[in-house]
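Coordinate-derived values only; no laboratory data. Since the structure is predicted, the reported quantities are computational estimates derived from the model, not experimental observations. Virtual Cβ from ideal backbone geometry, glycine too; neighbours counted across all protein chains shown.
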Amino acid sequence: MIFFIAVTAEANRTPFDLTEADSEIVAGFATEYSGMRFGFFFFAEYVNVFIASGLTVALFMGGWNAPFNWPWPVTVGLDPGGLGIGLLLLIALGPPIAVVVLGLPFYLLNSRVKFWQALIIGFVLFNLLAVAAVLGLAFLSFDWVVGLLWFMGKTYLFVFTFVWMRGTLPRVRIDQLMGFAWKWLLPASLLNLFVTAGAILVLKR
């Protein structure tokens, strides 16, 4: 909690966005900027949010490790070489047939949808399902993909928390932030340091 509060203040996010204060002055310190300069300010701010979220996950939330194991073992036994010529036919004819099959219900059930629009919808749906299938097979087949997806999922959970806080919490005054940091966060972090050092010494004996 100490680290999360400190990194929220370091990333200039609500309730510690004192440098921006966009509700009091438009865009805060970026008032005189526009175009790409204004865009780069916000780009840097959100890159900082992603870095802070990734750092929090790596240090305190287990990084790329899964919080729980699967309740049953899952194995994927695919042998593309055993399909022979069928694999070539599947690659050549599978996508067009899938696009038509996925788009046809939209064309038949909605009279306002034209055939070419239904084909576009089917194409988008087929690509989404194909990407999901490839990611699912990679998730079941490669450990590094599992770790990467867990890390990204945890990171996006913290990014969502940052955005959620921006739309929920009110801004604090600068004297409130400084008083809280010096009177509570610093003593709590020092106490955490000494308690951890003492626990290491006791457990080593």
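Counting only chymotrypsin sites (Phe, Trp or Tyr not before Pro) that DSSP places in a loop and that have at most 15 other Cβ atoms within 10 Å, the longest clean stretch of the chain runs over 69-141. Taking the Cβ-Cβ separation of Leu135 and Leu186 as r and a Förster radius of 35 Å, what is the calculated FRET efficiency to the nearest 0.05? So, using R0 = 35 Å, E works out to roughly 0.20. Applying 1/(1 + (r/R0)^6) with r as the Cβ-Cβ distance of Thr196 and Trp64 and R0 = 35 angstrom yields a FRET efficiency of 0.90.
Cα centroid separation, segment 94-132 to segment 154-205: 50 Å. Within the chain, the selection of entire DSSP H helices by a Cα span of 24 Å or greater along the long axis and an average Kyte-Doolittle value of at least -0.5 returns 35-60, 85-109, 115-141, 143-166, 186-204.
Pull out a ≥ b ≥ c, the square roots of the eigenvalues of the alpha-carbon gyration tensor of the chain, then state rounded if a/c is under 1.5, prolate if not and a/b is larger than b/c, and oblate in the remaining case. Because a/c hits 1.5 or more and a/b fails to exceed b/c, the chain counts as oblate. Just subtract the alpha-carbon distance of Ile174 and Leu157 from 0.36 nm times their residue separation and send over the number in nm, one decimal. The Ile174-Leu157 span can extend by a further 3.3 nm.
If r is the Cβ-Cβ distance from Ile120 to Leu93 and R0 is 25 Å, what FRET efficiency results, to the nearest 0.05?
0.80
Loop sites only, by DSSP: take the GluC sites (Glu not before Pro) in the chain that have at most 13 other C-beta atoms within 10 Å and name the longest stretch containing none of them. For GluC sites (Glu not before Pro) (loop position, at most 13 other Cβ atoms within 10 Å), the longest site-free span of the chain is 33-205. Remark: relative contact order (segment 80-141) = 29 percent; criterion is Cα-Cα distance under 8 angstrom and separation of 6 or more residues. Over all orientations, segment 80-141 has a Cα convex hull whose mean projected area works out to 5.0 square nanometres.
What is the chain's relative contact order, in percent, from Cα pairs under 8 angstrom and six or more apart in sequence? The value is 32 percent.
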